[in-house]
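Below is one structure, written out as structure tokens, with a few remarks after it.
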Amino acid sequence: MSPLEIEQMQQDIAVHGARKGDFVRLGDTALVVRVEADDRELGNEVQIGFGKNLRDGIGMRSVSSSESCDVVVTNVLIIDALLGIRVSSIGIRAGRIHAIGRAGNPDTMDNIDVVVGSGSVIIPGEGLIATAGGIDTHVHAMTPRVCDAALASGVTTIIAQEFGPFWGVGVSSKWALEQAHNMYGAWPLNVGILGRAAGSTTSPLQEALAGGVCGFKIHEDTGAHPRTIDTTLNFADEHDIAVALHTDGLNEMLSVADTIDVIAGRAVHAFHVEGCGGGHSPDVLTMAGRENILASSTNPTLAYGINAADEHVAMIISAHGMNPELPSDVQMARNRVRNATMAAENRLHDMGVIPVTSSDALGMGRVDDTWRKTFAMASMFSDRAILDGSVAASEVIVENERVLRHVAKITINPALVHGLSHEVGAIKVGLMADIVLWPYSSFASKPNMIIKNGLPAWGVVGDPGATVANAQPLVIGPQFGAFGVTAEDLGVHFTNSDSEVSLSRRRSVSVRNTRTIRSSDMIRHGILGEIDVDPSGHVVTFNGQHITSDPQNAATLTRTYLI
């Protein structure tokens, strides 16, 4: 290309964003995607502003919002596990995604999918990537600030296990649950709460069900024993509610094979399946790759790095009430840390065996790291030559499938596992308009705007005393959707069909189809096979083949953006 052609192309990208066939590098990762489709008409893209075409009789139709859209995100690069990678516009009406496609005025333009009305609010999406809001299924909400950090990182739905600085791992008291539901209404965030499953009878489970939980948590600290597991799964099957399992790390009453036998083919979400976060030592990883066991990882072991093992010993001691002065406690903590299973876990994610990532926030994980760590892990397995600029444009490896697979881990797949996919998890017509907008240059690290139920709820804000909105310093913080009763209206409370909790404003939504979900239903995943961990924990195989990955000495999506 001539210098003039290059200059023209750069100007075009600056004005309109990427087009079909363009390559887009995601942040400072080694991940490069190629735009698969562009729904716009070349040369007739809608734009708002001085001298642009979003005017009455040109790009805008003079109709009410009932015949158009309340909000339109224009010309944005969508990266969605169901929709793929395409440039399009997203129309929102009454908080839900109403239409996706070419935006404009059907009276003056051809093939319009998203009608822009004279009163439609426009969010320009040029130069931005749109994903569905992140879903974090493993949050220990020990402080209210967890909700702020989750939103600021691009997470719009959390499955919580506490609501304060106490030993929770699930809550069963109906009174306490009623208070918690009201507390969470202060944030424009979808919230479900796990009830504690720690007994051999169903009465505590029944109380938690009436209290509005969206699932149950079995945890080794309160006993992941055969009777507890069987009782909880039987109860869950009767009431269509998810079960999350943190298995018996000390192998007190069960080996991993015993636990699998007790589960007996029923659906269960296996938390931090690598084992450093807890679970059968040294071989809990063998639970992954099975049809009925929906495996997930927590973010400290992603992407696998040279300091991962050292970091986890102190983390385990702090999170699990252990004493660093007791040699027995220190040894128990060290027994949970295995480089080989961490290395294999990352590889299994890339293969499509483990379908979900989460944080384990404040219980051995970082709530604002799940997007970042998920894509740092994806970058591990990409062409690292991208990072030093030594690859010619003609030699760039397109990573669309890898990127979409990793998007699925934090959006649609956790929604499927916990019965939320009828409301959230994808950029799809009919779902809640929970959308995160990311600059190309900081994808998965720093979002530009978090749209919650169709309204800006969190995002980049500039100096409020300046003459323009984007004056420095720029910080990520609450937008108007996070204030007043609107915050309560924008989020939903995920619950169960037998809940007796009645909220004053926030909408309650029952989870669905949690007992029939299987690993083969996981989007862009579903790879099944036999995982084996040798008794020393030093060798992991998948279908008889040794699997591992090299520890990273520098992670992407970190120092470029964070001090």
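General observations
- Subset of segment 110-141 that is surrounded by fewer than 19 Cβ atoms within 10 Å (Cβ to Cβ) and not β-branched (Val, Ile, Thr) - its residue that is farthest from Phe216 (Cα to Cα): Asp110
- Of everything listed in (1) surrounded by 23 or more Cβ atoms within 10 Å (Cβ to Cβ); (2) over 30 Å from Arg336 (Cβ atoms), the single unmet condition for Gly154 is (2).
- From the list Val436, Val475, Val461, Val468, the lone residue that is aliphatic (A, V, I, L, M) and touching a residue at least 24 places away in the same chain (Cβ under 8 Å) is Val436.
- Residue satisfying condition, being hydrophobic (A, V, I, L, M, F, W, C), under 14 Å from Ala244 (Cα atoms) and not assigned by TED's automatic domain parsing to the domain that holds Ile92, within set Val213, Val155: Val213
- Residues within segment 192-224 that are in contact with a strand residue (DSSP E or B) (Cβ under 9 Å, 6 or more places away or on another chain) and within 30 Å of His280 (Cβ to Cβ), tallied: 21
- Some residue of segment 536-559 being closer than 30 Å to Ser172 by Cα, touching a residue at least 24 places away in the same chain (Cβ under 8 Å), of a type in the set (Gly, Ala, Ser) and touching a Pro at 6+ places or on another chain (Cβ under 9 Å): no
- All helices (runs of 4 or more DSSP H) inside segment 290-355 with 1 or more residues being modelled with pLDDT of 95 or more and within 22 Å of Val367 (Cα to Cα): 339-351
- Checked against (1) surrounded by fewer than 19 Cβ atoms within 10 Å (Cβ to Cβ); (2) touching a residue at least 12 places away in the same chain (Cβ under 8 Å), Ile517 passes all but a single condition, namely (1).
- The listed residue being in a loop (DSSP other than H, G, I, E, B) and either among the hydroxyl-bearing types (Ser, Thr, Tyr) or more than 22 Å from the chain's Cα centre (by Cα) (or both), out of Glu238, Glu207, Glu252, Glu178: Glu252
- Qualifying residue in segment 488-500 (condition: out of contact with any strand residue (DSSP E or B) (no Cβ under 6 Å at 6 or more places or on another chain), surrounded by 18 or more Cβ atoms within 10 Å (Cβ to Cβ) and either in contact (Cβ under 8 Å) with a residue 60 or more places away in the chain or in the same structural domain as Cys147 (by TED's automatic domain parsing) (or both)): yes
- Any hit, segment 186-197, residues being more than 22 Å from the chain's Cα centre (by Cα), more than 27 Å from Ile451 (Cα to Cα), surrounded by fewer than 20 Cβ atoms within 10 Å (Cβ to Cβ) and of a type in the set (Gly, Ala, Ser): no
- Selection of segment 525-540 for residues being touching an Asp or Glu at 6+ places or on another chain (Cβ under 9 Å), surrounded by fewer than 20 Cβ atoms within 10 Å (Cβ to Cβ) and more than 17 Å from Val268 (Cα to Cα) yields Asp532, Asp534, Pro535, Gly537, Val539.
- Unmet criterion (only one of (1) in contact with a helix residue (DSSP H, G or I) (Cβ under 7 Å, 6 or more places away or on another chain); (2) under 16 Å from Asn448 (Cβ atoms); (3) not β-branched (Val, Ile, Thr)) for Pro478: (1)
- Considering segment 443-544, the qualifying strands (runs of 3 or more DSSP E), each wholly inside and each with 2 or more residues that are farther than 23 Å from Ala344 by Cα and under 26 Å from the mean Cα position of the chain (by Cα), run over 449-452, 455-461, 475-478, 492-495, 507-510.
- Whichever residue in segment 255-275 is farther than 20 Å from Met332 by Cβ and part of a loop (DSSP other than H, G, I, E, B) and, among such residues, is farthest from the chain's Cα centre (by Cα): Ala264
- Candidate set: segment 305-356, residues that are closer than 24 Å to Gly154 by Cβ and touching a Pro at 6+ places or on another chain (Cβ under 8 Å); chosen: the one surrounded by the most Cβ atoms within 10 Å (Cβ to Cβ): Val356
- Listed by position, the strands (runs of 3 or more DSSP E) contained in segment 46-140 that have at least 3 residues being within 27 Å of Val33 (Cα to Cα) and under 22 Å from the mean Cα position of the chain (by Cα) are 71-80, 84-93, 128-132, 134-139.
- Filter pass, Thr286 being within 21 Å of Val533 (Cα to Cα) and assigned to a helix (DSSP H, G or I): yes
The values are calculated or read from the model by the stated rules, or taken from the named source; none is laboratory data. Worth saying up front: this structure is predicted, and the values here are computed from it rather than measured. FYI the Cβ positions are ideal-geometry reconstructions off the backbone, even for glycines, and counts take in every protein chain you see.
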